[in-house]
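Q: Take a look at this one; I'll ask things after.
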Amino acid sequence: DVVLTQTPSILSATIGQSVSISCRSSQSLLDSDGNTYLYWFLQRPGQSPQRLIYLVSNLGSGVPNRFSGSGSGTDFTLKISGVEAEDLGVYYCMQATHAPPTFGGGTKLELK
Amino acid sequence: QVTLKESGPGILQPSQTLSLTCTFSGFSLSTYGMGVGWIRQPSGKGLEWLANIWWDDDKYYNPSLKNRLTISKDTSNNQAFLKITNVDTADTATYYCARNYGGYGAYWGQGTLVTVSS
């Protein structure tokens, strides 16, 4: 299985601060069809995961544009430009290029 | 409006079979390219993708549990199902279903907590 390693595991931030989360894959996530099936999800406390980003850098429906995704191959980054209180929770990257789909271990974003 | 809702037994005993239902609205599993997946999350831990079923009845199972999983659908009643045989305490988790269409996981249910205990 593809292993996704997220860093850091815990991220402390103040409101308005810009932060980044890294997701590193054990294999290239570039599919033979030319797409890279890398997603980012946010799970707020007590809630289901919410998809933020699909195909590395595409913003999900209704997701604020302070979220952005970038990367290629094996290295990917989620950036939040100006953390807001509603952004607190656990962030997961996920790949679906290689079966089975796998998730990173999560990054908990908390208030400093 | 797309919604999904999971239902299950709540609690069951080791060695029993877990039966889960995902009831959805706002889309049809007969639509070309549509799929529903099952994902689980032990309390305080990460996410594990279990199985997918697609509009054409194609199925995918996570190899780590493949021999124990069966996914199916009832298109007419907008439902998807997952069975896990021979459960043990390691199967205690919140189980989610999610829609896969134009990518994975744009919509998730609220989850249903399943506890395996004797």
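The values are calculated or read from the model by the stated rules, or taken from the named source; none is laboratory data. Just so we're clear, the structure is a prediction, and the values are computed from it rather than from any experiment. As a convention, Cβ positions derive from the backbone with ideal geometry for all residues, glycine included, and neighbour counts pool all protein chains shown. These accessible areas exclude ligands, DNA and RNA; they are computed on the full protein's heavy atoms, side chains included. Shrake-Rupley method; radii C 1.70, N 1.55, O 1.52, S 1.80 Å.
Q: Counting just the residues of the range A:17-46 that are of a type in the set (A, V, I, L, M, F, W, C) and farther than 16 Å from A:PHE103 by Cβ, which one comes out farthest from the other protein chains (Cβ to nearest Cβ)? Full working, then the answer.
A: Taking the range A:17-46 as the starting set, the residues that turn out to be of a type in the set (A, V, I, L, M, F, W, C) are A:19, A:21, A:23, A:29-30, A:38, A:40-42.
Filter again for farther than 16 Å from A:PHE103 by Cβ, leaving A:19, A:30.
On the way: A:VAL19: 20, A:LEU30: 16 Å.
Here the answer is A:VAL19.
Q: While we're looking at this one, here's another question. Which residue is farthest from the other protein chains (Cβ to nearest Cβ), if the candidates are limited to the range B:64-112 and must be assigned to a loop (DSSP other than H, G, I, E, B), of a type in the set (Val, Ile, Thr) and crowded, with 17+ Cβ neighbours inside 10 Å? Even if it seems obvious, please write down each step before you answer.
A: Our first condition is that a residue be assigned to a loop (DSSP other than H, G, I, E, B); within the range B:64-112, this holds for B:64-65, B:78, B:85-88, B:92, B:101-106, B:109-111.
In the following step, the residues that additionally are of a type in the set (Val, Ile, Thr) were identified as B:85, B:87, B:92.
This time we only want the ones that are crowded, with 17+ Cβ neighbours inside 10 Å, so: B:87, B:92.
Working: B:VAL87: 20, B:THR92: 18 Å.
So, considering only residues that are assigned to a loop (DSSP other than H, G, I, E, B), of a type in the set (Val, Ile, Thr) and crowded, with 17+ Cβ neighbours inside 10 Å, the one farthest from the other protein chains (Cβ to nearest Cβ) is B:VAL87.
Q: Does any residue of the range A:67-82 turn out to be more than 12 Å from chain B (Cβ to nearest Cβ), touching a Gly at 6+ places or on another chain (Cβ under 9 Å) and among the polar types (S, T, N, Q)?
A: For the range A:67-82, residues more than 12 Å from chain B (Cβ to nearest Cβ), touching a Gly at 6+ places or on another chain (Cβ under 9 Å) and among the polar types (S, T, N, Q): present.
Q: Follow-up question, since we're still on this one. Are any residues in the range A:47-58 closer than 29 Å to B:GLY44 by Cβ and either away from every other protein chain (no Cβ under 12 Å) or of a type outside the set (A, V, I, L, M, F, W, C) (or both), and if so, which ones?
A: A:GLN47, A:SER48, A:PRO49, A:GLN50, A:ARG51, A:TYR54
Here is a yes/no grid of residues against (1) open to solvent by less than 50 Å² (accessible area, probe 1.4 Å); (2) over 30 Å from B:THR3 (Cβ atoms); (3) small (Gly, Ala, Ser); (4) in a loop (DSSP other than H, G, I, E, B):
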{"position": "A:VAL2", "(1), (2), (3), (4)": "yes, yes, no, yes"}
{"position": "A:GLN17", "(1), (2), (3), (4)": "no, yes, no, yes"}
{"position": "A:ARG24", "(1), (2), (3), (4)": "no, yes, no, no"}
{"position": "A:SER28", "(1), (2), (3), (4)": "no, yes, yes, yes"}
{"position": "A:ASP33", "(1), (2), (3), (4)": "no, yes, no, yes"}
{"position": "A:TYR39", "(1), (2), (3), (4)": "yes, no, no, no"}
{"position": "A:LEU42", "(1), (2), (3), (4)": "yes, no, no, no"}
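Q: When the residues of the range B:83-108 are filtered to those that are small (Gly, Ala, Ser) and over 25 Å from B:GLN13 (Cβ atoms), which remaining residue is modelled with the highest pLDDT?
A: Let us first name the residues in the range B:83-108 that are small (Gly, Ala, Ser), namely B:90, B:93, B:98, B:102-103, B:105-106.
Narrowing the set further to residues that are over 25 Å from B:GLN13 (Cβ atoms) leaves B:98, B:102-103, B:105-106.
Working: B:ALA98: 97, B:GLY102: 83, B:GLY103: 86, B:GLY105: 90, B:ALA106: 91.
Per the stated criteria, the residue is B:ALA98.
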